[in-house]
Every structure is written in structure tokens, then in C-alpha cells.
1. Assuming residue 124 fulfils every condition listed in (1) part of a loop (DSSP other than H, G, I, E, B); (2) away from the ligand (no atom under 16 Å from the Cβ) apart from one, which condition is it?
2. Here are 188, 201: which of them is within 16 Å of the ligand (Cβ to nearest atom) and touching a residue at least 24 places away in the same chain (Cβ under 8 Å)?
3. When region 432-451 is examined, which residues are found to be in contact with a strand residue (DSSP E or B) (Cβ under 9 Å, 6 or more places away or on another chain) and away from the ligand (no atom under 16 Å from the Cβ)?
4. When you scan region 143-160, how many residues do you find that are surrounded by fewer than 20 Cβ atoms within 10 Å (Cβ to Cβ) and more than 19 Å from residue 281 (Cα to Cα)?
5. Being assigned to a helix (DSSP H, G or I), surrounded by 14 or more Cβ atoms within 10 Å (Cβ to Cβ) and either at pLDDT below 95 or on the phi < 0 side of the Ramachandran plot (or both) is the requirement here; does residue 389 meet it?
6. So in region 240-251, with the set limited to residues that are farther than 15 Å from residue 281 by Cα and under 19 Å from the mean Cα position of the chain (by Cα), which one is farthest from the ligand (Cβ to nearest atom)?
7. Restricted to region 209-222, and to residues that are assigned to a loop (DSSP other than H, G, I, E, B) and closer than 30 Å to residue 448 by Cα, which residue is farthest from the ligand (Cβ to nearest atom)?
8. Look at residue 240 and say whether it is crowded, with 17+ Cβ neighbours inside 10 Å, in the same structural domain as residue 300 (by TED's automatic domain parsing) and farther than 21 Å from residue 437 by Cα.
Ligand SMILES: Cc1ncc(COP(=O)(O)O)c(C=O)c1O
């Protein structure tokens, strides 16, 4: 089937293929969709909009699958082998149907990576189809043994990703919620907010808006915070709490947290060190225990490659002790209340169960890939993108030596219009991100986090080269 087919024609044929096979025989819809999707990845409708037919076919297949039941094992054996273990869909059937015997409609193993068109934006990142499917498990009583087992396993596995022995809280919120938890629980009054971009600045605002006496230690965005700066500030005033982002996603800067924590501890041993690892945890090494950090928080939609909606945090024993003495910790983000429930493998309020199913599933995949392999992959992707940027004569916004391993922020060349580049990229099923906050319009960002592979980056850079080289006029807007 040629690329010039209409959407209606493509979809009509796809539905016919799926329906003809599936309704009568409960055969493997996936094989059919694979065949159908081999026609064409995407097709154009008259106004020029591009529709990703594969993605639509996948959605149709999911709904039919849920309606008509599970695949036969023999048909699954014909499934094409997935290229990448991080996106491997195979295990979901065994895991989830074991967990929910007799209740679980098996998700379709056909939703392979070929259905994904990569987005190079720093969250929400692409979520692989098997992880999306993991969310479709049936609801359970959230205060019952079946769900508690899942919650407990996810929390245990998360400890390995945080590189910590202390428990990990799984919270229905985004990362900003846990920024608020940090300042509400770990400071009666005095907070030192280390800032070098929009997200660390937000944390400062969160502290002020929660009535804390927060002082700014700010450097020019694009520059790192350095250990001696932090030590000096703490020598002047031994703050109760220090907040800092490991990876400042707006500026594309990675702060040297290990060295900063060491300097902070020797300048002011009682100060609690709280690190925002929203865009680094699970992609870049951050050793909570070995580096002496008191709280590390992250969001689900970045390096963990999950949908948005969960935030995770590990809190040291001494920080938990301190929190007990802090008045007015609030209710939803009260760490002490969370801990009482966590001990029962539960949460104070109803959790986003579907996301926790996905988290549980994804953490196993992450550990299967291996943390070291994951760190190495992120590092290699960053190197590739940053070398490419320099080779093209683009100015990388972050200072050399402190460039993020998960997102590269590029200073926009004169006359550069991101929308034009993205329109070009989106015709190839890709997109990159604009600058953030006060850097919007001045920078653009290429994310290389989560499950992104080198081949994805190669495809992106190939297209960017094509755009930059082939159309100097377009670069000029
Ligand atoms: C470093 C950093 N901190 C905090 C946030 C806010 O996280 P969330 O959107 O999950 O609240 C972001 C979001 O991009 C971030 O990159």
C-alpha cells in the first residue's frame, strides 16, 4: 500500500484486517496490526496534517483486544523480537497475569517500539507501549494485600535506583509536590536555595510561599553551583535546609552534587541537604547514601520513562527525625504521616494505582537493563548530542564540564525559529523542546533521557543536519 493513500482507506483496511481475524477467532491482533502497519507509518490528509497510522492502529487494537480477550501463546511466539530490552513488552503478560490470576486481560504484545515516534523533550518523555499497557490492569482495593504487595515491591526496587537503604516514598503528585514536602518538613524557618535555573528558582518560590525564610544563592544560569560557594554561604549562616537541583533542566547544567554535599557537611554538619533529581534519577549516577544526601526527589515522567503523575523521594533517618520537630508540616505532604502508611505498604490518601502498576513494571525493566548500563547509555547520548552541537558551530548554553547528561540546552542562533525546525522534524515524527522560563526564545533543548537510544539520536541529528545544512534560509526563519 502506497504512501499516498488516504487516512480513511488505511484505517478502513486496518480495521477490516483486525476485525476479520480477531472477532471470530480470538487470534493475535498484533500480527495483523504489524502487517497493517507495514503499509505506511503515516499518511497525509488533505490539509497537510500528518497522522500516525500505526499509532492509531495500535489504539484500535488495544480496544479490540480488551473487548475480545487474550492472545494464544502460539501466536505470541510469532511476535517480532524487540530490539531493546528497555522497551521489551514480553514479560508483562507473565508478571501481571500472575498478579491478577483470572482477572487480567493481557495487554497486547504487539505494541512494539515501531509504534513510537520519538520526542526529544525533557518530560514527559516517550513511554514505551508495554509500560502504557501495564497501566491497564484492573483496579484493586488500595488497602488490601494484592495492591500492597505491588506497592511494596515498587518501593523496594526504587531503593536500588536511589542507591539508598532508606525507604522510598511513592507519592501521587508531580515533583513540585515533593519540593513543597521538603521545605514544609525539613525547615522550621531557614532555607538556603541554591539556584541556577528555572526549576531550582521554583523551589525557592515554593519555600517563600510556604512561609519559610529562604535566601538565594544564585549563579548565572548556565553556570554550575560550586562547592566553595555553598560552603561559604553555610559558614555565614548554618541553614536548616539546603535545596539544590542535581540537573537543572532549563539551563542544561549538572551541578557537582557529591562535592557540594561534602563541602556543605564540613561547613555546617547539621544542615539537611535536599536534592531535586527530577531530570536525572535513573539516568545519571546520584548516590544518596554514599554522598550523604538527606532527601532526594524525582518525578516519574523523566529518566524513569513513565507517564507523569508520580513523584518519588527517599529521606534520610536524620531528616525524618528532624521533620518530627517541625510544626505545621501540612497534611498531604507530611512525611511523618506518609511514613506511618508506608510501613503498611500504603499511602495516606488514594494513590494513582494505574501509575503504580506501571512504576512497578518499569522499575523491573530498569533494573533488568542495569543501572550502570543506563548511566552509560545516557552519558553516550549526551556526548553524541553535544559533540554534534559543537561540530555544527552551535553554542551550548551550559558551561563545559557541567553539561547535563540528560538534556542539552543550546543557545538559539540569530534568527532561529524553533517552530520551523519542529515543523520539519514533526513531518519525520520527531520534535525537540523550546527553552524554559526566561530562557524561552533564547535557547532550545534536546532531551536524551529515559529510554532514548543512540539510533533515535542518530535519526534526530540526521534530520537536524538536513534542516540546518539544506535550508540556511529556513534557519534564518
Ligand atoms: C529539575 C526539575 N525540577 C522540578 C521540576 C518540576 O517537576 P514536575 O513537573 O514533575 O512538578 C522539573 C520539571 O521539568 C524539573 O526539570
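The values are calculated or read from the model by the stated rules, or taken from the named source; none is laboratory data. Quantities reported herein were computed from a predicted structural model and do not represent experimental measurements. Counting neighbours? That spans all protein chains shown, and the Cβs are built from the backbone with ideal geometry, glycine included.
1. Of the numbered conditions (1) part of a loop (DSSP other than H, G, I, E, B); (2) away from the ligand (no atom under 16 Å from the Cβ), the odd one out for residue 124 is (2).
2. Details: 188 fails: within 16 Å of the ligand (Cβ to nearest atom).
The match here is 201.
3. Within region 432-451, 441, 442 meet the criteria.
4. From region 143-160, those surrounded by fewer than 20 Cβ atoms within 10 Å (Cβ to Cβ) are 143-146, 148-149, 152-153, 156-157, 159-160; that's our starting set.
If we keep only those that are more than 19 Å from residue 281 (Cα to Cα) as well, we get 143-146, 148-149, 152.
Going through region 143-160 one residue at a time, the tally reaches 7.
5. Working: assigned to a helix (DSSP H, G or I): yes; surrounded by 14 or more Cβ atoms within 10 Å (Cβ to Cβ): yes; either at pLDDT below 95 or on the phi < 0 side of the Ramachandran plot (or both): yes.
The answer is yes for residue 389.
6. Within region 240-251, the first condition is being farther than 15 Å from residue 281 by Cα, and the residues that meet it are 240-243, 250-251.
Now narrow it down to the ones that are under 19 Å from the mean Cα position of the chain (by Cα): 250-251.
Working: 250: 7, 251: 10 Å.
The qualifying residue farthest from the ligand (Cβ to nearest atom) is 251.
7. Filtering region 209-222 down to residues assigned to a loop (DSSP other than H, G, I, E, B) leaves 210-212, 219-220, 222.
Now drop any that are not closer than 30 Å to residue 448 by Cα, which leaves 219-220, 222.
Working: 219: 16, 220: 17, 222: 15 Å.
Filtering first and then ranking leaves 220.
8. Numbers: crowded, with 17+ Cβ neighbours inside 10 Å: yes; in the same structural domain as residue 300 (by TED's automatic domain parsing): yes; farther than 21 Å from residue 437 by Cα: yes.
It is true that residue 240 is crowded, with 17+ Cβ neighbours inside 10 Å, in the same structural domain as residue 300 (by TED's automatic domain parsing) and farther than 21 Å from residue 437 by Cα.
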